[in-house]
Every structure is written in structure tokens, then in C-alpha cells.
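The values are calculated or read from the model by the stated rules, or taken from the named source; none is laboratory data. Quick caveat: nothing in here was measured; it's all calculated off a predicted structure. Cβ atoms come from the backbone with ideal geometry, glycine included; neighbour counts cover every protein chain shown. We work out accessible area using only protein heavy atoms, side chains counted, and drop any ligands, DNA or RNA first. Shrake-Rupley method; radii C 1.70, N 1.55, O 1.52, S 1.80 Å.
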Amino acid sequence: MFSKRKTAGDEPELDPQRVPQHIAIIMDGNGRWAQKRHLPRVAGHKQGMQTVKTVAIAASKLGVKVLSLYAFSTENWKRPSSEVNYLMQLPIRFFSTFVPDLIKNNVQVMVMGDTSKLPVQTQQAVRNAIRDTAKCDGMVLNFALNYGSRDEITRAMCQIAGEVKEGQLSPDDINEETISRHLMSGSLGSLADPDLLIRTSGEERISNFMLWQIAYSELEFVPKHWPDFNAESLKQAIVEFQGRHRRFGGLENQ
């Protein structure tokens, strides 16, 4: 959780030299945001889509290298079909509306997850966004779409086992780097592991998101629902992150 802050005049400021390179966000609370306002749940998802644009551009301007957003999990198919159908339309609406703004801000779109299970139109929208932003070399906006970390790790193990069976890889050569390379985030290279994981809406759980990659991430659980999260919220989360000491299992003064 955010730590208690000092008086306004004593609040620490964001250090632009220590901005986390990779931030991952579990975008939670769209439905509760809508219900609180006596609106249908889909209204929260619609507002949440606007928040994605706001936060992505803010992160890019702050110097974040990768922003990974948990957009749709492998477990979200259990939701009512009407809500799932609406969620499947969101990537189409988002990319058709906001890709020009992303290009303007030099943001490249990437997607991790099993997109083959998505509706054909949604798949096409994803492919178009990846293609249209391919030449952008600024921040990577990495959507986790039909993604689940256990599924990701299982697929990686199957790929590695297949390479061992074919003689392309020796069991003795399998290490952490080998596994990381075979994960869906492998294309991010040295930036694959988030420095900071944020979850909105006050829930304090990981929900099967990037379990391998967040082994040493700093975690922040923010009470705001995702539609209420904004550029200032992101800045506050980064300031909180910068106030921590990351030791990676060692001692602070080593």
C-alpha cells in the first residue's frame, strides 16, 4: 500500500533519473467503479479504456521503457458472455481510436497471450496495431491479452522439452535465462521483468500475472479503481517506488 506521506511541503518529488524501466499494472476495478455510480459494468470498461491511453502517454513522457497492462486473462472467459463480448470489442475500439496518438508519442504496441482464441476481428485489430506502431522506438505498450502466467510457463516448459527431445538443447544448459527467453515476454529481452507492479482497486493479489517475471518486483496496491487512476496516480506510485531499497536478496550496504 502507499505509505503515509509527510505534509504537502515535505512530499518527495519524482526523480527522473530513477524512473522504473518496466511497470506492470493489473487494471482492476472497472466493474466496481461503474456499480458505485449505478451504471452497467461495461461503462467501467469503457472509461477504463480512456485511462489506458492517459496512463500510457504519461508513462512514456516520464521515461518508462515498458508498460505491461493486464487487459484480459485466461480466467476472464468465465464472466457473463455479454461482458466478454464487450471486452473483445475493446481492443478494436481502442486501437482504431488511439493508435494515431500512440504513434505521435512514439509508443510501440506489443501483445503477449494466446491471441488465437480471440474473435477474428479482435485478432486483426491487434495485428494492425502491432504493424502500424512497429517503427516506433520509444516506450513499449505491452498488452497481456488472453494471458495467464501458469499457461505461459506451461507453454515454455513444453517448448523447452521439445527442444531437448530434438537434440537442440541439453538439459544441463537449462537455466533461468533459458526459461525467461521462452516466456511470452522473451522478446522484451533485458526489460522483461517489471521493476514495479501496480494493482488498482485495493485488492492485494497477483491473479496469475507474470508470476516468473515479478520475482523481485516492487508491489504497490492502490485503492483507486482503474478508471480513476491517472497520470498523477502513476507519478505517486513511482515516487513510492523510488523511496524503497531494492536489495534482490542481498544486504542494503553491499
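Can you list residues whose amide H is under 5 Å from Met112's amide H, if they're 5+ apart or on another chain and H is modeled 1.01 Å from N?
Amide H neighbours of Met112: Phe143, Ala144, Leu145.
Please find the FRET efficiency linking Thr97 to Val120, where r is the Cβ-Cβ separation and R0 is fixed at 22 Å, and quote it to the nearest 0.05.
Calculated value: 0.65.
Report the normalised scattering of region 137-233 as log10 I(q)/I(0) at q = 0.23 Å⁻¹, calculated by the Debye formula with identical scatterers on the alpha carbons.
Relative scattering, expressed as log10 I(q)/I(0), comes to -1.30.
At what distance in angstrom do the alpha carbon centres of region 199-222 and region 69-101 lie from each other?
21 Å
With all protein chains present, calculate the accessible area of Glu203 using a 1.4 Å probe and round the result to the nearest 10 Å².
50 Å²
What does the charge dipole of the chain about its Cα centre add up to, to the nearest 20 debye, if the Cβ of each Lys and Arg holds +1 and the Cβ of each Asp and Glu holds -1?
Dipole about the Cα centre, nearest 20: 1060 debye.
With an 8 Å cut-off on Cα pairs and a minimum separation of 6 or more residues, tell me the relative contact order of region 94-243 in percent. Let's see the in-between values first.
Details: 161 pairs, mean separation 28.7, N = 150.
Contact order relative to length: 19 percent.
With +1 on each Lys and Arg Cβ and -1 on each Asp and Glu Cβ, and nothing else charged, work out how big the dipole of region 138-210 is about its Cα centre, in Debye to the nearest 20.
Result for region 138-210 is approximately 280 debye, rounded to the nearest 20.
Could you give the accessible area per residue of the chain, probe 1.4 Å, as a whole number in Å²? Don't skip to the answer; put the middle values down first.
On the way: 13410 Å² over 254 residues.
Per residue, the chain has an accessible area of 53 Å².
Take the Cα atoms of region 1-137, find their three principal axes, and give me the spread along each one in whole Å, biggest first.
In descending order, the Cα extents are 51, 42, 23 Å.
Just to be sure I follow: if Rg is taken over the C-alpha atoms of the chain and Rh is the Kirkwood radius over the same atoms, what is Rg/Rh?
0.97
Can you list the residues, at least 5 places off or on another chain, whose amide H is less than 5 Å from the amide H of Met210, using H built in the peptide plane?
Ser149
Taking R0 as 30 Å, what FRET efficiency do you get between Ile153 and Asp132 from their Cβ-Cβ distance, rounded to the nearest 0.05?
0.45
Taking only C-alpha pairs under 8 Å that are 6+ residues apart, what is the relative contact order of the chain in percent?
Numbers: 389 pairs, mean separation 73.1, N = 254.
Averaging sequence separation for qualifying contacts and normalising by length gives 29 percent for the chain.
With the cut-off at 27 Å, tell me which of the pairs Lys36/Lys117; Lys53/Lys235; Lys61/Lys117; Lys36/Lys104; Lys135/Lys224 have Cα atoms farther apart than that.
The pairs that break the limit, which is 27 Å between Cα atoms, are Lys36/Lys117; Lys61/Lys117; Lys36/Lys104; Lys135/Lys224.
Over region 14-84, what is the relative contact order in percent, taking alpha-carbon pairs closer than 8 angstrom and at least six residues apart?
Contact order relative to length: 42 percent.
Can you give me the orientation-averaged projected area of the convex hull built on the Cα atoms of region 70-115, in nm²? Present the calculation step by step, with values, prior to reporting the outcome.
Working: hull surface 14.5 nm².
Seen from a random direction, the Cα hull of region 70-115 projects 3.6 nm² on average.
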